[in-house]
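J.: Structure incoming, see below.
Every number in this text was worked out from the coordinates using simple rules, so none of it is lab data. Note that this is a predicted model, so its numbers are computed, not measured. Cβ sites come from the backbone with ideal geometry, for glycine too, and all protein chains shown count toward neighbours.
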Amino acid sequence: MFTDKHGKPINRNNLGHRYSNLTAKYGFNGMTFHHLRHTHATILLSAGANINEVSERLGHKDASITLKIYGHVLPGRDQSLADKFDTLVFEPEQKVQI
């Protein structure tokens with residue numbers, strides 16, 4: 001996935017070393033590849049990407065794992081839940097004919 005300037009794969013240890021140097025250089029000491037994975041998923045889900053597609057992309061066994069980890073970033077989840085509750089409580093009342 002990562003290659004040198006000649007197109008040959010970079011040794012895993014060298015890649016880790018290069019990554020550490022870059023993160024330190026730009027003030028992100030301690031940032032790991034896993035942080036990039038988490039950021040990637042968070043950005044996708046915050047933008048409204050499908051939870052099943054993100055889950056598959058991350059290689060999770062099932063979407064419930066992704067939802068458990070990243071559910072807090074899903075846009076409008078609190079409002080959506082409130083709207084559903086309002087619909088359940090108030091719409092039946094409005095449909096009652098006397």
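J.: What is the magnitude of the charge dipole of the chain about its Cα centre, with +1 placed on the Cβ of each Lys and Arg, -1 on the Cβ of each Asp and Glu, and no other charges, expressed in debye to the nearest 20?
T.: Using only the charged Cβ atoms, the result is roughly 860 debye.
J.: By how many nm would the segment from LYS61 to LYS25 grow when fully extended, if each residue of separation counts as 0.36 nm and the alpha-carbon distance is taken off?
T.: Gain on extension, LYS61 to LYS25, equals 9.4 nm.
J.: When you take every Cα atom in the chain, what is the radius of gyration, and what is Dmax, the widest Cα pair distance, in Å?
T.: 21.8, 80
J.: A follow-up question, please. Of the chain, which part is the longest with no trypsin sites (Lys or Arg not before Pro) in a loop (DSSP not H, G, I, E, B) and with at most 14 other C-beta atoms within 10 angstrom?
T.: Answer from the scan: 6-60.
J.: Figure the gain on full extension for THR32 and HIS72 (residue separation times 0.36 nm, minus the Cα-Cα span) and round it to one decimal in nm.
T.: Between THR32 and HIS72, full extension yields an extra 12.2 nm.
J.: Using DSSP to define loop residues, name the chymotrypsin sites (Phe, Trp or Tyr not before Pro) in the stretch 1-73 whose beta-carbon has at most 13 other beta-carbon atoms within 10 Å.
T.: PHE2, TYR26, PHE28
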